[in-house]
1. What is the extension gain from Y453 to A411, computed as 0.36 nm multiplied by their sequence separation minus the C-alpha to C-alpha distance, in nm to one decimal?
2. Given the range 64-172 reduced to its alpha-carbon atoms as identical point scatterers, what log10 I(q)/I(0) does the Debye formula return at q = 0.16, 0.19, 0.21, 0.24 Å⁻¹?
3. What nm distance separates the two modelled labels at V149 and N60, each placed 7 Å from Cα along Cα→Cβ?
4. Using label points projected 7 Å from each Cα along Cα→Cβ, tell me how many nm separate L274 and A323, to one decimal.
5. So for each of 366-374, 75-83, 274-282, 149-157 I average, over its residues, the number of other beta carbons within 10 Å; can you give me the resulting order with the highest mean first?
6. Take the alpha carbon atoms of the range 328-386, find their radius of gyration, then divide it by 2.2 N^0.38 Å using N residues; give the quotient.
7. Treat the range 379-445 as a sphere of radius equal to its Kirkwood radius over Cα pairs and apply Stokes-Einstein at 25 °C in a medium of 0.890 mPa s; give the translational diffusion coefficient in µm²/s, rounded to a whole number.
8. Once label points are set 7 Å from the Cα along Cα→Cβ at both K173 and K99, what is their separation, rounded to one decimal in nm?
Amino acid sequence: MSWTARVLVTATLLSAAAAAASPNCTSPQPGHLLVKLSKWREDYLSEAASQAGTGSVRRNTVLAWILSFLAASVSSAGGVGGGSLFLPILNLVAGLSLKRATSYSSFMVTGGAVSNVLYNLFCTRGLIDYDIALLFQPCLLLGVSLGVVCNVMFPEWLITALFSLFLAFCTTKTWRAGVKIWRTETVAARQDHKVPLLIGGGLPVAGQVGGEGSLGGGSVNGGSTAGDRPRFPLKDIAVLLVVWLSFFLLHVFIGDKHGKGVIKIKPCGIAYWLVTIFQVPFAVAFTAYIVYAKRNKQGRHDDEDGKEPNSFVTKTETLPPLALPLAAFVTGSLSGLFGIGGGLLLNPVLLQIGIPPQTAAATSSFMVLFCASMSMVQFILLGMEGIGEAAVYAGICFIASLTGVILIARAVKKSGRVSMIVFLVTAIMALSTVIVTCFGALDVWTQYIGGAYMGFKLPC
């Protein structure tokens, strides 16, 4: 607690200092590298905006399509939404404003996630862990709401710094997890047998060959392997859809910061905050119901099979009951704070709590579909521009995602190494860290030399 308090105090003091110093700052020399980059970016975006309504396809747009295809194929194969890669492509290559790029990115992530989920539903068996998705979804969406409020209040330099540090931390942790799995696979190969793929069963890791822990393929409450899970559990899907629709209606009622919603609610008025706060008991009630229903279901299965409860224990089952909802809430909060779809954060979290790489990738894509589709529909209802062009990008990502998933599945099946999925996620996170840090720093520098206010803001 003392360390957290020191960080918050330091951030507050730095924010106050930046806010006080920004109006009086002196501009650097015209030859400064950051000034040149900032000027180039402004000129490039202005030129792109002037050519936006001509109806012709620019070379930069074609290049953005190609890069988006590559980014979507790689991101989808690792179970990552790809928003952290799409935004720089749309902003720097296609020349779209950051606001329009954000709305387009939600379409692209949704298109890729739909392709990924359809492949996992019809071309594989039981890779998606619906128990985890059910436990994550309500608190994940609740966390996104809190994160968005924090995004409005926090200064951009603080968000950039926190995002860069968090991505660097997750990259390191995910890399270490990949190395551990790689070593386990190497030991198994030396013993003249391949590590069994998740499609046929769980993935034995360090704990099963002399190390610690297990990344077995059990579900949260039942210990079922991938092959035992139903391909399309209608009841679980129905509950997830109810959760999605409920949160979606709440967001539509609230509207945006200008009060633009389906119904007229004064921004930051009493009704606005009542609807916002109502999300807390709503998410808690859904989570409690899901936990209760899953425990009863597992108890009945154990009685019917004549087994002792928890006869097959995985790492996820040894966690406290509220560990997964709490992890979902933190992940959603960071997702809303950093303005990303969540896949970049979900996958490392699932790996760290003991979910096998293939299940983590499939389940992460499944949950990203709900988050990204909610953002996409909200953008449409609130009157976004360029829906046709965004649909083209979404179609490209749909095809690219399917291509990437098929290629990585064949590579894993041929090599017997699921660790390549973990390393792929690590590479995407490392690249995202560099991109976010560089261009985030450029935006912050532009604000600083322009004398913009750089302190904390009120939510309204």
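Taken together, the values in this text are just the output of simple stated rules run on the coordinates, not laboratory data. None of these values were measured; they are calculated from a predicted model. Cβ sites come from the backbone with ideal geometry, for glycine too, and all protein chains shown count toward neighbours.
1. Extra length from Y453 to A411 when fully extended: 10.1 nm.
2. -0.98, -1.28, -1.38, -1.39
3. Here the answer is 3.9 nm between the modelled labels.
4. According to this spin-label approximation, the distance is 4.0 nm.
5. Ranked by mean Cβ neighbours within 10 Å, highest first: 75-83, 366-374, 149-157, 274-282.
6. For the range 328-386, the normalised Cα radius of gyration is 1.26.
7. For the chosen part, D equals 161 µm²/s.
8. Going by the 7 Å Cα→Cβ label model, 3.6 nm.
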